[in-house]
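Quick notes on the structure that follows.
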């Protein structure tokens, strides 16, 4: 028996040595063995694995590809939109991205298809989107805090080059008979420090299989899975992308199937340009019977709007330096009128730019230095991505014209003109002003907020209302200016309306309503004065209830009616002077 066992052991040893020499033997190792033992070859460290993954995708050719066109279909279900399908065409050229989509919602818009187009400047990290369902065809609206990314761009190369890995070496896991490197890391960007990433990268071909993004602070998790890679000109493209996301509001699933991908050399640059639409009002000679007391008023208003729009693009909360330049410009303009100038600087922690920034209100006062006063305010900041001619360069132009007139003919009581910053992100500039006045026990009799004063239309059904019932009492044409107040300010609203109506033939309407019923009446700087107990009204062309270019790339100077703006200016001065007479007595 002993001699038989010895022969068997010898034979087995011979077979094992032969199999090992041929490289065909695999013995499952214990789970505690290193990745190097698992792969039976040297394992790259985590940084090298990321570099290999980038190279496998196509390196620079992948992250800055030649111009291409791809078509894909997307299916998703999420707690916001519910089930929907998307058929889309994506076009890329030299850092510009265009995505044309047709979306069919199961529960929204009665299931009918909705067309969307987005244009993205990847170098500037800005995206504009157009949807004719809500506004007008070819009008694009900037999307703050959101940037569309190419469908095939699996991860941001800049972020991945600055990863802080949990361990130097990856671990190895096996899934569906395939071995993957597993890496865990944080992003080096302080703005993204709460995000933790986990990668599964194929240990053989180094293609990304899965990326898991976790934000414990915000209870958010995204899992991206990439399948069915195909190669074209050294670029590896996943033709099936799955995204599973869990957020506070629920859980969503997205499946993207790329139908075809091809490089194109003849893609025109015009495809990525935001279209500019010039309005043809047929109303530039509105109320021909009216003769302006100042023949040059219309041309000055237009020059003022063009000056602000053309010389100070990006005057928004994402560009504090530009806002500072606008404040200096307005200060110089007001100083030329002879007003007593004051600037009010304040600081705010910026939620997006990550830091503390200084912002500036500009004030100019006219008439007596002491006693009761009237405040007229207009914000000079804009929403990101919009030239903001109507919102609110039009009101700034009227404010500057009013300053010239008050400088030449002083009012009977003190009138303060205020140019506010940061109205768009939450009336922050006027809030500072109103609180300062309240803290100093200043006797403010009236505050009038100038909010979008240049858009008018004589077209039928050009005017909309926040409540359908209002159509029974107000015109369907957007050819009037509106004085807006809340319940309790009806006397002031009527007084301003009456004064303005006497000054020019421009129709003047008024609305006094409870805030709880019509929230739209709080949408400007007068609300800051309401909050401090002051009497205030808003003067407006009704914003997006009339102006389809509101907050869009087409809110341009060419869309404004400067003749009617001149009438508004004359009317405002008339109202201010009559209010001064009232409170002087």
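The values are calculated or read from the model by the stated rules, or taken from the named source; none is laboratory data. As the structure is a prediction and not an experimental result, all values here were calculated from the model. All Cβ positions, even for glycine, are placed from backbone atoms using ideal geometry, and neighbour counts span all protein chains on display.
Yes or no, residue by residue, for (1) at pLDDT below 85; (2) assigned by TED's automatic domain parsing to the domain that holds residue 72; (3) surrounded by 13 or more Cβ atoms within 10 Å (Cβ to Cβ):
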site	(1), (2), (3)
228	no, yes, no
247	yes, yes, yes
251	yes, yes, no
258	no, yes, yes
278	yes, no, no
281	yes, no, yes
286	yes, no, yes
292	no, no, yes
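How many residues does the range 444-477 hold that are touching a strand residue (DSSP E or B) at 6+ places or on another chain (Cβ under 7 Å) and surrounded by fewer than 20 Cβ atoms within 10 Å (Cβ to Cβ)? Total meeting the criteria: 2.
Has the range 182-191 got at least one residue that is touching a residue at least 12 places away in the same chain (Cβ under 8 Å), farther than 14 Å from residue 165 by Cα and within 32 Å of the chain's Cα centre (by Cα)? Among the residues of the range 182-191, at least one is touching a residue at least 12 places away in the same chain (Cβ under 8 Å), farther than 14 Å from residue 165 by Cα and within 32 Å of the chain's Cα centre (by Cα), which makes the answer yes.
With respect to the conditions (1) in a loop (DSSP other than H, G, I, E, B); (2) over 30 Å from residue 66 (Cα atoms), residue 328 lacks only one, and its number is (1). So which residues in the range 295-313 are closer than 17 Å to residue 571 by Cα and exposed (fewer than 15 other Cβ atoms within 10 Å of the Cβ), if there are any at all? Scanning the range 295-313 gives 295, 296. Take the conditions (1) part of a strand (DSSP E or B); (2) under 19 Å from residue 261 (Cβ atoms); residue 127 misses just one of them, which is (2). Say we look at the range 348-386 and pick out the residues that are surrounded by fewer than 17 Cβ atoms within 10 Å (Cβ to Cβ) and more than 22 Å from the chain's Cα centre (by Cα); which of these is nearest to residue 529 (Cα to Cα)? Only one residue tops the list, namely 372.
What residue, among those in the range 42-91 that are assigned to a loop (DSSP other than H, G, I, E, B) and buried (at least 16 other Cβ atoms within 10 Å of the Cβ), is modelled with the highest pLDDT? Filtering the range 42-91 for residues that are assigned to a loop (DSSP other than H, G, I, E, B) and buried (at least 16 other Cβ atoms within 10 Å of the Cβ), the one modelled with the highest pLDDT comes out as 44.
Considering the range 391-430, the residues that are assigned to a loop (DSSP other than H, G, I, E, B) and under 23 Å from the mean Cα position of the chain (by Cα) include one that is surrounded by the fewest Cβ atoms within 10 Å (Cβ to Cβ), namely 426. Annotation note: of 330, 341, the sole residue that is buried (at least 20 other Cβ atoms within 10 Å of the Cβ) and touching a strand residue (DSSP E or B) at 6+ places or on another chain (Cβ under 6 Å) is 330. In this structure, residue 189 does not qualify as surrounded by fewer than 13 Cβ atoms within 10 Å (Cβ to Cβ) and under 22 Å from residue 64 (Cα atoms).
Residue 437 passes every criterion in (1) under 30 Å from residue 329 (Cβ atoms); (2) part of a helix (DSSP H, G or I); (3) without any contact (Cβ under 8 Å) to a residue 40 or more places away in the chain apart from (3).
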